[in-house]
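The values are calculated or read from the model by the stated rules, or taken from the named source; none is laboratory data. Nothing here was measured: the structure is a model prediction, and the numbers come from that model. Ideal geometry is used to build each Cβ from the backbone, glycine not excepted, and the neighbour counts take in all protein chains shown. The accessibility values were calculated without ligands, DNA or RNA, using every heavy atom of the protein model including side chains. Shrake-Rupley method; radii C 1.70, N 1.55, O 1.52, S 1.80 Å.
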Amino acid sequence: MSQLSRNRKDSKKSIFAGVAIAATMFAIFGLTTGAAIADSNETGSGGEIGLTQSSISVGGNTTCVIELGAAKCWGDNTYGKLGNGSTTSSPSPVQVTGLTSGVTSISVGESHSCAVVSGAAKCWGYNWAGQLGNNSSVNSSSPVDVFGLSSGVTAISVGSYHSCAVVSGAAKCWGYNAQGQLGNNSTVNSLSPVDVFGLSSGVTAISVGSSHSCAVVSGAAKCWGYNSSG
């Protein structure tokens, strides 16, 4: 067999192998992601995901989007993190109670969700460590007001059990704080927002992980919380 024939044969094998791998990956994703995935290429009503979404966030087998200013979620609804007043999971988008307009930012964590609505922060779902920020540790299957954050909120992010927001250029966090992820020089949980030490102005973006948080401050990156892996 000539070298050219061998190359063509090897090329065909590579193509077939790639197709097989792609098909296998598709099957795995289809079986393991379940209700937390929807088709973003469809347009229509009756729960379909169309081409009118402006923002999307996923976490803990739940997905939420902003569609024409309204918040909609689907997937796992343990602890009420779909925000529709129930704890029943949904394979298609449901309307978050009360958030039919004015939603500009949304974030989904491990077991709770938060949104910015007309400049105010709202959260719903699991609340054992105060991650909903409403001065309570009681779960809520519909949005509650985050204490003290009724205006000026421009961004919000949630992790496993804590939440952070940018409020009039300052960083504020609430919820679980065992690794100092609230950034207030403490490891005590907080049921309501606390100021992140030193970040009282110039904050333009914020992001929360499982046990640490980061922000952009006057163009510089700042982080706090758990640091075992650097």
Of all residues in region 163-176 being over 16 Å from the mean Cα position of the chain (by Cα) and among the small types (Gly, Ala, Ser), which is most open to solvent (accessible area, probe 1.4 Å)? Ser168
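Considering only residues that are surrounded by fewer than 19 Cβ atoms within 10 Å (Cβ to Cβ) and either within 11 Å of the chain's Cα centre (by Cα) or modelled with pLDDT of 95 or more (or both), which ones fall in region 46-60? Talk me through it step by step, then tell me what you get.
Kept after step one, since they are surrounded by fewer than 19 Cβ atoms within 10 Å (Cβ to Cβ), are these residues of region 46-60: 46-48, 50-56, 58.
Within region 46-60, Ser55, Ile56, Val58 qualify.
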Looking at region 139-158, is at least one residue closer than 18 Å to Cys223 by Cβ, touching a Gly at 6+ places or on another chain (Cβ under 7 Å) and in contact (Cβ under 8 Å) with a residue 24 or more places away in the chain? yes
Counting only strands (runs of 3 or more DSSP E) wholly inside region 89-162, the ones holding at least 1 residues that are surrounded by fewer than 18 Cβ atoms within 10 Å (Cβ to Cβ) and out of contact with any helix residue (DSSP H, G or I) (no Cβ under 6 Å at 6 or more places or on another chain) are 90-95, 103-108, 120-125, 140-145, 153-158
Residue pairs qualifying under the 9 Å Cβ cut-off, at least six apart or on distinct chains, with the first in region 209-230 being more than 15 Å from Gly159 (Cβ to Cβ) and open to solvent by less than 40 Å² (accessible area, probe 1.4 Å) and the second being assigned to a loop (DSSP other than H, G, I, E, B) and not aliphatic (A, V, I, L, M), are Val217/Gly198; Val217/Ser201; Val217/Gly202
